[in-house]
Amino acid sequence: MPSKNRPISSRQLTSARYSHSMQAYHTYKAEDFLNDDSFIAWVYTRDPAAVAFWSGWMAEAHPNRSEAILAKDILEALSPSDAGLTDATLEYEAGQILRRVRQVPKRKFFPAFGLTGYRIAASVALLLVVGCLGWLITHQALSLRSSLSAAHAHEGMVEQTNRTSKPVLVRLPDGSTVRLQPNSRIQHVASFGQGVRVVMLTGEAFFNVVPNPKVPFLVYARDVVTRVVGTSFTVKAFDPQVTVAVRTGRVTVYSRKELEQQRNAEKPVVSGVVLTPNQQVVFNAKEEVFRKELVEEPVRVSPQAATVSFEFEDVPIADVFRRIEDAYAIDIVYNESLLQKCTLTASLTGLTLYEQLRMVSKSLGGSYEVTDGKILILATGCGE
C-alpha cells in the first residue's frame, strides 16, 4: 500500500542541520547536490543561511556549476506544491515515468517521506531527466512530475572506468561499443537500451553505435550533448573544451546549458550543430561557442574508396573534386564557371586529403581554405 505520509514541510527543511564545505562542492556531481541538506533547503524553503551561501556560490565560475543547475531544476520539478495530489495519482504518475527508464514491480512504491525521501526522489529523478531530455531534443515538451522509488540512485547506474594505460573496449547492452581511453569513465542506467540510450562520459572515447531510429543515442560530456541514431564518432571532454569528431554517419551536437534552459519551455527550440563524416565541432566552455571544422586527419569513408583511382591524366577538374568528395564524404566549394575548362594531370595516390588539396589548388594557381567543415577552393584560373 502507498504511504499516507506527506512530503517534508518547509519548517522541517529549515530546521535541518547542514554545513558548507567549499572543497567538497567543487567536485560535486548532480546527484551529490541532490543529497545535500543545505542545497535542498536553498531550493525549497529559501532559508536565509542557505540562500546567502548558494547565491554567492552559483554566481562564481565553478567548473561543475552546470551540475548544480541540473540538480536545482530536478528539485524544482519535485516541488512540494504537488503535496495536494492523491497517493493514487502520485503512484500512477511515478509509474508512467519510471516505465520509460526501467521495469518496476507494480507494488513497489516510495516509503515514508522526509528529508531522506526527497533525496531518494531527487536521485531517481536524475536518472529520469537523462532519459526525458531525449524528448526535448526531438521537440517534445518535458513534464517531470513527482516520482519516487525506494531504490538508491547508484543501484540503478552502471559505471566503467579505464584505469589502464591502453584503450579498453566496452560493450553496451544494445550491442554498441565504446573504446574508452585511459583515465576515462562512462556511466549509464542499468536498463540501458530499454526505451533510453544515454551515456555520461568523462574523458575520451570512440563510440560505434548500433542503429535504432526509435531510440536515439545520447552522450553527455561536460557542457555538450551529442545525439545520434547509428554512427561512429569520438568525444573528447577535457577542460576547457569538448570536441566531437565524426567517422561515419550523422551527428547533432547541442549545448547542455541550452537544453536545460529550454527544458520547461512550452515549445522548446534547441539549435544544434550537424556533423557528417570527417567533420568535428569544438565547444569552448568559457566562450560558450561552437567551432565547426574538419578533423585533423580525414579518412576515406566511402565503401568504394579503396578501389578509387587517384591517377589523373588530363581529367576535368570537376571530376577530380567529385572523386575526392566521394572518397572522404566532404563538400568542396569552387567557382564552376571559372574552372570549367581546367584539367589535372597528376598522381594523388598515397597522399593525405590535405596534400591532395594543396597539389590540386597549386595546379590551379590558387589555394584552399577550410570553412564550416567544408573545403573552399580559392582559384580563378588554371595556372600556367
Check your understanding: In the range 299-358, what residues are open to solvent by 50 Å² or more (accessible area, probe 1.4 Å), aliphatic (A, V, I, L, M) and part of a helix (DSSP H, G or I)?
Key -> 306, 338
Review point. Taking residue 183 and the conditions (1) within 15 Å of residue 230 (Cβ to Cβ); (2) open to solvent by 10 Å² or more (accessible area, probe 1.4 Å); (3) modelled with pLDDT of 90 or more; (4) not basic (Lys, Arg), which numbered condition does it fall short on, given that it satisfies the others?
Key: (1)
Practice item. Could you tell me which residue of the range 359-370 is farthest from the chain's Cα centre (by Cα), considering only residues that are outside any loop (DSSP other than H, G, I, E, B) and free of Cβ contacts under 8 Å to residues at least 24 places away in the same chain? Key: 363
Check your understanding: Which members of the range 223-246 meet the condition of being hydrophobic (A, V, I, L, M, F, W, C) and open to solvent by 30 Å² or more (accessible area, probe 1.4 Å)?
Key -> 229, 238
Study note, to complete from the structure: Within the range 189-225, residues closer than 23 Å to residue 166 by Cα and either of a type in the set (S, T, N, Q) or out of contact with any strand residue (DSSP E or B) (no Cβ under 7 Å at 6 or more places or on another chain) (or both) come out as 202, 208
Check your understanding: If you go through the range 247-257 one residue at a time, do you hit one that is among the basic types (Lys, Arg), under 16 Å from the mean Cα position of the chain (by Cα), open to solvent by less than 60 Å² (accessible area, probe 1.4 Å) and farther than 15 Å from residue 235 by Cα?
Key -> no
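The values are calculated or read from the model by the stated rules, or taken from the named source; none is laboratory data. Quick caveat: nothing in here was measured; it's all calculated off a predicted structure. Because the Cβ atoms are built from the backbone with ideal geometry, glycine has one as well, and the counts that use them run over all protein chains shown. We work out accessible area using only protein heavy atoms, side chains counted, and drop any ligands, DNA or RNA first. Shrake-Rupley method; radii C 1.70, N 1.55, O 1.52, S 1.80 Å.
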